[in-house]
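The values are calculated or read from the model by the stated rules, or taken from the named source; none is laboratory data. The structure presented is a predicted model; accordingly, all values stated were derived computationally and were not measured. Quick reminder, even Gly has a Cβ in these numbers, built from the backbone with ideal geometry, and neighbours come from all protein chains shown. Accessible surface is based on the protein model in full, side chains and every heavy atom, while ligands, DNA and RNA are left aside. Shrake-Rupley method; radii C 1.70, N 1.55, O 1.52, S 1.80 Å.
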Amino acid sequence: MVRGAVKTLKDPTRMPLPVPPEALRVGPLRAGAFTSRLHSERVAALLGTWLGITFTTCMVTGLYSHFGQHPPAGIAFPSRPVALYRVTQGLHVISGIAAVPMLLAKLFTVYPKLFTWPPAKDVRHGVERASLLLLVGGSVFQLATGVMNIFQWYAFGFFFTTVHYWSAWVTIGAMVAHIGTKLPLARRGLARSSLVLDPEPAGHGLSRRGFLTATGVASGAVVLATAGQTVTPLAGLSVLSPRRPGTGPQGLPVNKTAASAGTRGIGSAYRLVVEGPTRLELSLTDLQAMPQTTVTLPISCVEGWSASASWTGVRLHDLLRLVGSDGGQPVRVDSLEQHGPYRSSMLFHPHNRDPLTLLALRLDGAELHPDHGFPLRLIAPNRPGVLQTKWVGRVVVL
Ligand SMILES: Nc1nc2c(c(=O)[nH]1)N[C@H]1C(S)=C(S)[C@@H](COP(=O)(O)O)O[C@H]1N2
Ligand SMILES: [Mo]
């Protein structure tokens, strides 16, 4: 009896929608309007798999970067391995760049579906198709703004990181939903038997294999032309990367110069203020007289470039002990820079106590160049570049 009752209840999402008049079926809406053999289920499934891998890599490494910069209360980020952020952020940018040709190829493969007739068979089909707008729009938006950002082309009028972060959730959500609805199709397309059941039609022009190879080659080429910004041995190939190791003052790239930060011409009146349970003011001579440590650490910018250098200076932990702190409390480092989003950064206990966390006075043996933060800059292991504060004037134990 119950069974019968269920049977008579109609699934509302399967309610058929009216079919628009046949007279509208012109141009791309005609049956058989698209003839290229590249618009195939198998090509779409393979490209979808590649995109799933690159987008997932982007999301995971992007989340790591986000939480590295905005640590959730109580979760301290590790200070080792020292180059972890260099690897994760390098992967983030490399996988994003690799995804660009894949996304273009995928959109080409599936765009005839835009002209599906009827536009929506039933409510469920309509919702499914509308959700693709989020996926396509979100993917294009993420890759376009990401690439613009690494080239420091801020043509958009919003604050990049916040919008890139929230729209990533929308995109990934739409991707998960898409994979969910397409899984049976993708399985069929990826199965070896699909080559037998759905053999490639003979014809002129690019074959499916040729199309996929061209896409792979294009992805490989843009990766090789940019990855040298963080994979140093590839630097010579990096004709497209905006910042390359070995360029810039003291052989190290610079994002913000002393001139643009308004921190040029810091002279003998300089004092570092250290505030903890007690307070201390140190001149440059005082800092130079303290025990000096030399470490080799990379600057790993969120924009994907990274370069390693040798830094010499005073251990943060030593300074904290001088004002009566054991490094257990959060510490804020303030720059002499008056404006700008990166004039201050926070450090937590793994970094505060790490013997590699320095307030550096020297870079590769020479006094810091003004653009690298003269007279004093923070350099710490496994830390996003935006948090490696330059022109440090104050250290506060909170
Ligand atoms: N005060 C201050 N420190 C700063 C910045 C800044 O804008 N202001 N930029 C940060 C960024 S984004 C990076 S990647 C590193 C780069 O250091 P470098 O210019 O010495 O290579 O400095 C960081 N320190
Ligand atoms: Mo940066």
(message) Can you tell me which of (1) more than 25 Å from Ala309 (Cβ to Cβ); (2) touching a Cys at 6+ places or on another chain (Cβ under 8 Å); (3) open to solvent by 20 Å² or more (accessible area, probe 1.4 Å) is the one Val127 doesn't meet?
(response) (2)
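Residues being open to solvent by less than 80 Å² (accessible area, probe 1.4 Å) and either without any contact (Cβ under 8 Å) to a residue 40 or more places away in the chain or within 19 Å of Val273 (Cβ to Cβ) (or both): count how many of those fall in region 343-355.
Going through region 343-355 one residue at a time, the tally reaches 5.
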(request) Search region 151-180 for residues that are within 15 Å of His66 (Cβ to Cβ) and pair each with any residue that is at pLDDT below 95 and in a helix (DSSP H, G or I) when their beta-carbon atoms are under 7 Å apart and the residues are at least 6 apart or on different chains. (result) Phe160/Asn149
(message) Condition first: within 15 Å of ligand 1 (Cβ to nearest atom), among the polar types (S, T, N, Q) and closer than 21 Å to Arg243 by Cα. Can you find one or more residues in region 363-386 that meet it?
(response) yes
(request) Please determine, by comparing only the residues of region 309-325 that are open to solvent by 10 Å² or more (accessible area, probe 1.4 Å) and in contact with a Leu (Cβ under 7 Å, 6 or more places away or on another chain), which one is nearest to ligand 1 (Cβ to nearest atom). (result) Thr312
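Between Pro253, Pro233, which is surrounded by 13 or more Cβ atoms within 10 Å (Cβ to Cβ) and on the phi < 0 side of the Ramachandran plot?
Unique residue meeting the criteria: Pro253.
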(message) Residues that are part of a loop (DSSP other than H, G, I, E, B), among the aliphatic types (A, V, I, L, M) and touching a residue at least 40 places away in the same chain (Cβ under 8 Å): does region 326-342 have at least one?
(response) yes
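Every residue in region 240-276 that is hydroxyl-bearing (Ser, Thr, Tyr) and either over 20 Å from Leu336 (Cα atoms) or at pLDDT below 95 (or both), please.
In the first step, residues of region 240-276 are kept if they are hydroxyl-bearing (Ser, Thr, Tyr); the result is 241, 247, 257, 260, 263, 268, 270.
Across region 240-276, the qualifying residues are Ser241, Thr247, Ser268.
Taking the condition among the polar types (S, T, N, Q), open to solvent by less than 10 Å² (accessible area, probe 1.4 Å), within 16 Å of ligand 2 (Cβ to nearest atom) and at pLDDT 95 or above, does Ser306 pass? Can you show your working first?
Numbers: among the polar types (S, T, N, Q): yes; open to solvent by less than 10 Å² (accessible area, probe 1.4 Å): yes; within 16 Å of ligand 2 (Cβ to nearest atom): yes; at pLDDT 95 or above: yes.
So Ser306 fits the description; yes.
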(message) Report every pair of residues separated by at least 6 positions or lying on different chains whose Cβ atoms are under 8 Å apart, first residue within region 364-378 and on the phi > 0 side of the Ramachandran plot, second open to solvent by less than 10 Å² (accessible area, probe 1.4 Å) and within 16 Å of ligand 2 (Cβ to nearest atom).
(response) Asp364/Ala309; Gly373/Thr389; Gly373/Trp391
(request) Would you mention how many residues in region 356-397 are open to solvent by 40 Å² or more (accessible area, probe 1.4 Å), touching a strand residue (DSSP E or B) at 6+ places or on another chain (Cβ under 6 Å) and of a type outside the set (Asp, Glu)? (result) 3
(request) Working only within region 73-87, note down all residues that are part of a helix (DSSP H, G or I) and open to solvent by less than 20 Å² (accessible area, probe 1.4 Å). (result) Tyr85
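Which of the residues spanning region 222-243 are under 22 Å from Gly365 (Cβ atoms) and either within 15 Å of ligand 1 (Cβ to nearest atom) or in a loop (DSSP other than H, G, I, E, B) (or both)? Show your work before the answer.
To start, the set of residues in region 222-243 that are under 22 Å from Gly365 (Cβ atoms) comprises 232, 235.
Once the filter is applied, which keeps residues that are under 22 Å from Gly365 (Cβ atoms) and either within 15 Å of ligand 1 (Cβ to nearest atom) or in a loop (DSSP other than H, G, I, E, B) (or both), region 222-243 yields only Thr232.
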(message) Considering only region 191-200, I want to know if a residue exists there that is surrounded by 15 or more Cβ atoms within 10 Å (Cβ to Cβ) and within 30 Å of Phe108 (Cα to Cα).
(response) yes
(request) Tell me, yes or no, whether region 327-336 has at least one residue that is more than 16 Å from ligand 2 (Cβ to nearest atom) and either under 30 Å from Val239 (Cβ atoms) or open to solvent by less than 10 Å² (accessible area, probe 1.4 Å) (or both). (result) yes
